[in-house]
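Single-structure report; data block below.
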Ligand SMILES: [Zn+2]
Ligand SMILES: [Zn+2]
């Protein structure tokens with residue numbers, strides 16, 4: 001924000017009242033219709049050109065989507081993702097050299113079950129979405145959130161791809177595409193992606209949603225105490241469902257509609273929620289955390305204002321769908337409060353959003369702990385690299401210690417009978433145990449992490465996801481795929497511990513250990 | 001004395017939820033001693049149209065940050081914002097750009 005003084009010196013005190021007939025800064029002929037940022041007034045035509053160009057430039061610059069590749073657009077019905085859909089349609093309709101050459105499909109996830117909507121209301125919303133998607137001619141999938149309960153545990157594993165040089169791959173793919181499509185007008189049935197395109201021109205609106213599944217989901221969310229954690233959990237489940245849909249239908253890219261304003265909010269909210277280590281992946285253009293499915297954010301250069309104005313001026317249809325945040329006060333959740341903070345600041349300092357967003361671009365994440373196979377350890381829920389396995393001097397450890405110290409005086413019902421030294425041990429991995437049993441302090445204090453049988457969910461989560469799970473009164477209702485993957489990972493780390501002890505015995509002093517046992 | 005004026009008001013992007021879900025409103029503002037401006041219109045909306053949670057639409061004497069305003073299809077930032085003098089048959093659009101409306 002160091003530039004604010006230079007950029008807006010004077011402007012802040014006296015907002016310039018512009019005459020109604022201000023001309024467009026670009027063509028200098030037509031009357032301006034909007035102010036994009038201070039000093040940049042555009043007419044409708046120039047605004048459209050600017051908007052369309054930006055989308056293609058974003059994809060062109062990043063060279064991540066190959067010609068002929070299947071790309072799944074996540075459309076929520078909101079203005080941002082609908083603008084993204086319109087830009088893809090626009091791009092596919094362009095003449096040869098400007099044409100976008102990937103194969104789009106659309107996915108919509110209906111979250112009505114969490115908003116207390118009746119089945120009729122949900123069917124109505126899905127019917128609206130259905131007609132919105134149908135006119136595009138793209139294959140599409142309308143999925144109720146309940147489907148998340150049927151996911152396989154494998155969705156939580158990031159599929160490792162042997163990628164060497166993405167830029168080189170892109171060039172190869174383009175050459176390939178050019179050879180197989182000399183006129184590039186034919187439907188690109190390239191060998192880049194041989195996965196057969198299952199065209200669902202008339203995708204079924206799910207008529208039957210299993211009501212017991214609706215109840216299971218509602219039960220789960222009723223166990224979450226804060227709106228902050230609810231939003232975070234919903235975001236996580238939605239992502240799992242999107243990635244799984246992409247895999248099942250043979251898509252290799254996932255396009256998300258998050259805009260610049262949204263990402264600026266997310267960046268600050270992430271910091272507040274302890275997701276500092278994930279800032280980079282959460283807000284970058286390209287998000288590789290899932291491995292085989294790469295998530296991209298082509299709308300990240302557009303502000304919310306720009307998008308709403310474009311949709312209004314050029315009649316881009318969108319469907320307003322309420323969310324958990326609808327009609328809630330500014331202070332209802334961290335995400336909501338951050339949004340209100342950012343948009344309020346934006347009123348007086350119009351470069352707030354872009355400053356936050358550009359700061360985000362400069363952030364890089366340090367390397368994290370790797371497992372035996374050399375792949376980084378990933379959080380069970382958000383699938384980002386684990387930030388909780390860092391050394392003893394990390395901020396994470398400092399937070400833990402201060403948390404424990406501030407709990408010392410208070411008689412926590414769970415900790416009352418524990419000796420001080422076991423208290424300090426608690427909430428850090430119980431490393432000196434032989435795997436079969438956890439230390440008692442750990443088992444008692446962390447009992448809120450437990451499902452049916454004794455399981456250490458905490459050690460599988462990043463700091464931020466730990467906070468979300470801590471806001472749940474019970475984890476029993478977490479979907480089966482999460483619980484069984486957690487068990488599997490726990491078992492694996494247990495075995496790993498046993499092996500490492502065994503290996504240690506080999507080259508260290510065996511006799512003393514034997515004597516102990 | 002300024003004569004009464006009729007306006008077409010549109011609420012979108014979720015802002016309509018505060019108006020019973022109705023997007024389009026054709027309204028007539030009564031005559032008053034001075035011409036109507038946007039600032040007075042906001043007060044009038046708060047008293048006559050808003051059904052609930054006024055703080056989600058107006059904050060202070062301005063629209064809540066994050067709600068876009070267009071007057072006759074142009075960004076109100078080009079039109080003097082709160083000081084704009086409303087004309088008969090003007091078209092005023094309010095679009096919420098906030099997440100979840
Ligand atoms: Zn122009
Ligand atoms: Zn996580």
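Numbers below:
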{"read-out": "Averaged over A:312-325, number of beta-carbon atoms from partner chains that fall within 10 Å", "value": "3"}
{"read-out": "Per-residue average of Cβ from other chains inside 10 Å of B:88-101", "value": "5"}
{"read-out": "Pair-distance profile P(r), taking every C-alpha pair of the stretch B:1-57, with 10 angstrom steps and integer %", "value": "21, 54, 22, 3"}
{"read-out": "Mean ellipticity per residue at 222 nm, deg cm²/dmol - from DSSP H runs of n ≥ 4 across chain B, formula -39500 (n - 2.57)", "value": "-3500 deg cm²/dmol"}
{"read-out": "Sorted by Cβ density within 10 Å, fewest first, the residues A:357, A:251", "value": "A:357, A:251"}
{"read-out": "Average beta-carbon neighbours from other chains, 10 Å sphere, peptide A:80-87", "value": "0"}
{"read-out": "Semi-axis lengths (Å, descending) of the ellipsoid that matches the C-alpha gyration tensor of the stretch A:43-112", "value": "21, 18, 10"}
{"read-out": "Fully extended contour minus Cα-Cα distance, from residue A:331 to residue A:362, at 0.36 nm per residue", "value": "8.2 nm"}
{"read-out": "Gain in span if fully extended, residue A:499 to residue A:37, counting 0.36 nm per residue against the direct Cα distance", "value": "160.3 nm"}
{"read-out": "Square roots of five times the Cα gyration tensor eigenvalues for chain B, Å", "value": "21, 14, 13"}
{"read-out": "Per-residue Cβ neighbour rank within 10 angstrom, fewest leading, A:293, A:64, A:401", "value": "A:401, A:64, A:293"}
{"read-out": "Per-residue Cβ neighbour rank within 10 angstrom, fewest leading, B:79, B:1, A:119, A:255", "value": "B:1, A:119, B:79, A:255"}
{"read-out": "Approximate spin-label separation residue B:58-residue B:43, in nm, with each point projected 7 Å along Cα-to-Cβ", "value": "0.8 nm"}
{"read-out": "C-alpha long axis of helix B:38-48 to longest principal axis of chain B, angle in °", "value": "70 degrees"}
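Values in this text are rule-based calculations from the coordinates and carry no lab data. Remember, predicted model here, so these are calculated numbers, not experimental data. Every residue, glycine among them, receives a Cβ derived from its backbone with ideal geometry; neighbour counts consider all protein chains shown.
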